[in-house]
1. Determine the gain in length on full extension of the stretch Glu356-His334; use 0.36 nm per residue of separation and subtract their C-alpha separation, reporting nm with one decimal.
2. Can you compute the FRET efficiency between His116 and Asp257 using 1/(1 + (r/R0)^6), with r the Cβ-Cβ distance and R0 = 22 Å? Round to the nearest 0.05.
3. Taking the 0 to 90 degree range and rounding to the nearest ten, how far is the long axis of helix 319-330 tilted relative to the main principal axis of the chain, both from C-alpha atoms?
4. Residue farthest toward the positive end of the dipole of region 160-287, with Cβ of Lys/Arg at +1 and Asp/Glu at -1: which of Gly201, His243, Gly229?
5. Treating the beta-carbon of each Lys and Arg as +1 and of each Asp and Glu as -1, no other charges, what is the dipole magnitude of the chain about its Cα centre, to the nearest 20 debye?
6. Name the residue from Gln420, Ala410, Gly127 whose Cα lies farthest towards the positive end of the charge dipole of the chain, charges +1 on Cβ of Lys and Arg and -1 on Cβ of Asp and Glu.
7. Give me the net charge of Leu298's neighbourhood, meaning all other residues with Cβ under 9 Å from the Cβ of Leu298; Lys, Arg count +1, Asp, Glu -1.
8. Solvent-accessible area per residue for the chain at a 1.4 Å probe radius, Å²?
Amino acid sequence: MRLIRIRWLLLLSLILGPATLLAEEGGGIDMNPVRSIVFSKSLTELDQKCVSCHQDEHPGVVADWKKSRHSHVGVGCNDCHAANKGDVDAQLHAEEGLSNVYITPLVSPDTCGRCHAQEQDEFNHSGHFRAYRQIIPKNSLHALVKFHEGRDNPELGNAPDETGCMQCHGTEIKLMADGKPDPSTWPNSGMGNIYPDGATGNCGACHTRHRFSLAEARKPAACASCHMGPDHPDIEVFENSKHGQIYATEGHEWTWDSPADGWEPGDYRAPTCATCHMSGIGKLGSTHNITERLYWNLWDERSEKRNSTDVMSPLLGDGDRGRKLMMQVCSSCHGESHTKGFFAQGDKAVMLYNVEYYDPAKKMLEDLRAKGLLKENPWTDEFQITFYHLWHHEGRRARHGAMMAGPDYAHWHGFFELQQDMYKLEALYEKRIKSGKIED
């Protein structure tokens, strides 16, 4: 009878709102639905104890888990957070009468991979895998973040990395003496974290904890926290495209929770990031290898066709195969002539950038370097700053805009600003070559 009554009151709270709940004789009733969970019989006794405590201490965590697929199939707290006594990140958890229970807040991809092995393997062969690892050897980038941006402050200088870079790229998570994560490396939402067990990745970057929603990961916002801004404005490009326009006006009406390989046109009327790069569509199965359907490398200094099996290479992938796969995605909604025409236009823009912008700018840079006409500090040198913007900002915007149907980013934020960069570089180059000196 008590269970029936609680469920009835829960229904009443949803209809009338929590502020209208009536108090019983002897005091009010706490009707927070998170605190009224009826435990699944498939949960272990230990998991039930975890939920009993945390629904009071951390109700948001339990609310997310309650609505997740994990809770529906009996995956409990300790399936992910249990640790062995000898693990480097194990912490003794002796609350609420528990004894000899060890846990860790660090759920590595190897933990997720026990059930999601295929997804982990696909991730490990994708460009996302190297999100942090590719930063490790880049001395110039470390100098930019810690010396220039952090002003080489011995105590505070790492703040730009901790609050910026690693929140997207990830980092190598370090532990303190008591096994707790070092706050200089955790928490973060970075895609390429290296965990203490050696595993790489961060499933929660897209499927945020503790709900791990498939629908959430399919929406553009899942990608937008990293793929945005002046250097790779992918979400802005998407919003500028016809695809983004349709999503903005109709996306709230679409079906987002179809099975992994069953989310097809009809559930949606225009693709999102996940549709093109990851989703099962037509004869294609879903994939967590976001590199698989790509032809060009659009983020490096010069764009080249992908042709490498080395996961650490900027050219990871098979460009010809990637183009065929992406054209299969497009063919779900577009005819052959439309798809071929789109890629012909985009390829022309990428090649224009290579030939008329990057190549001559790089040649001028190398000429000046050979003649000793570049400043040692690149961030006080107008030529080197402009060259960096040419490829890292304007050049990326032009290429991404062209290949993802964002005309404003291909043109005004792209090629229009590229031509200004080139005129500036040419003027600085001619002045230094003629005078043999770096201008004041």
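1. 4.8 nm
2. 0.80
3. That works out to roughly 60 degrees.
4. His243
5. Working: 47 positive and 61 negative charges, 165 e Å.
Rounded to the nearest 20 debye, it is 800 debye.
6. Ala410
7. With Lys, Arg at +1 and Asp, Glu at -1, the net is +1.
8. Details: 24370 Å² over 440 residues.
Value returned for the chain: 55 Å² of accessible area per residue.
The values are calculated or read from the model by the stated rules, or taken from the named source; none is laboratory data. From a predicted model like this one, the values you see are computed outputs, not experimental measurements. Because the Cβ atoms are built from the backbone with ideal geometry, glycine has one as well, and the counts that use them run over all protein chains shown. To get the accessible areas, we keep the full protein, side chains included, count just its heavy atoms, and leave off ligands, DNA and RNA. Shrake-Rupley method; radii C 1.70, N 1.55, O 1.52, S 1.80 Å.
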